[in-house]
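The values are calculated or read from the model by the stated rules, or taken from the named source; none is laboratory data. Computed from a predicted structure; not experimentally measured. FYI the Cβ positions are ideal-geometry reconstructions off the backbone, even for glycines, and counts take in every protein chain you see. What goes into the accessible areas is simple: the full protein's heavy atoms, side chains included, and nothing from ligands, DNA or RNA. Shrake-Rupley method; radii C 1.70, N 1.55, O 1.52, S 1.80 Å.
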Amino acid sequence: MVLDEFQFNGIEGKGPPNGAQSAGIAGNKYRWPKGELPYTISTTLNRGEKNKVEAAISDFNQKLQGCLKITPKRSRDKNYVEVVKEKAGVCQSKIGNRNLGKQKIKLGRGNGCYSKKTITHEFVHAFGLYHEQSRSDRDKYVTINWDKVLARHCRNFVKQETSLTFGVPYDGKSLMHYGPRLSSNDGSDTITSKVHKFTKGLEKYLL
C-alpha cells in the first residue's frame, strides 16, 4: 500500500503512527469516473502472469456486476493503472486515483503476488480502499500489536481517522484485512481480535 504525504504521517516516532487527519481518500479527487478503473498490463509480465491478472479482473467484474468495473484503457482515458512486474517480492498499489496519468500496480516475483486474491487486493487499493485494519473504527474490533510489526510495514496498519466506512460493518474476513501474523517481526500476532466471534476467523483471513 502506497500512501501520499496527506494519507500518512508520523511513522518515524517511537509510538504507533496516526492516520493523517486529511486522509484524502474521502475526497472526490481520488475517485475514478463512473466507477471504472482503466488498466494496461506491462510487457514485463510473461504470458502466464498476464493470464492470471486477466482472470482476476474477469472474476472481479463478474462479482461486482458493474457497480465497480476494471476496463482496458481507451485512448480517451487520461488516468489509468499499469500492472508491472517488480524485481523485489513486493505487491503494491497507490490508494485511489492519484491523477498522475499512469500509476502502477506492482506485482513482485514470487511471494504470492500472482494469486487471484492478491491481484484483486491491489486493484481494490487502486479503487481507493485502505486495509480493513486501517478503518477508523478498527480499535473496537482488533488490537494492533505495534511491538510485533516490522518497522518497514507499519504503514499498512496506520489507522485512517477520516476514512469512510460506508455504513458497512467491520469485516474480519475481508479481502482487504491482514492475517494475524502478517508483517510480524518474530512470528507472533500483529493483530489480535477483541471480538469473540472474529477470533476463530483470524486464521482464515485472505491476506
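Filter the cross-link list LYS85/LYS116; LYS69/LYS194; LYS50/LYS102; LYS159/LYS194 down to pairs whose alpha-carbon distance in this structure exceeds 27 Å.
The pairs that break the limit, which is 27 Å between Cα atoms, are LYS69/LYS194.
In segment 123-175, with Lys and Arg counted as +1 and Asp and Glu as -1 at Cβ, which of these residues, THR165, CYS154, HIS125, has the Cα nearest the positive end of the dipole, that is, farthest along it?
CYS154
Taking all protein chains together and a probe of 1.4 Å, list SER58, SER193, SER134 from the most accessible to the least accessible.
Accessible-area ranking of SER58, SER193, SER134, largest first: SER58, SER193, SER134.
Going from most exposed to least, what order do ARG109, ARG47 have by accessible area with a 1.4 Å probe?
Largest to smallest exposure gives the sequence ARG47, ARG109.
Can you give the accessible area of ILE95 in Å² (nearest 10), computed on protein heavy atoms with a 1.4 Å probe?
Near enough 0 Å² of accessible area.
Name the residues whose placed amide hydrogens come within less than 5 Å of the amide hydrogen of TYR39, ignoring near sequence neighbours (fewer than 5 apart) on the same chain.
The list, which skips near neighbours in sequence, is THR71, LYS73, VAL81.
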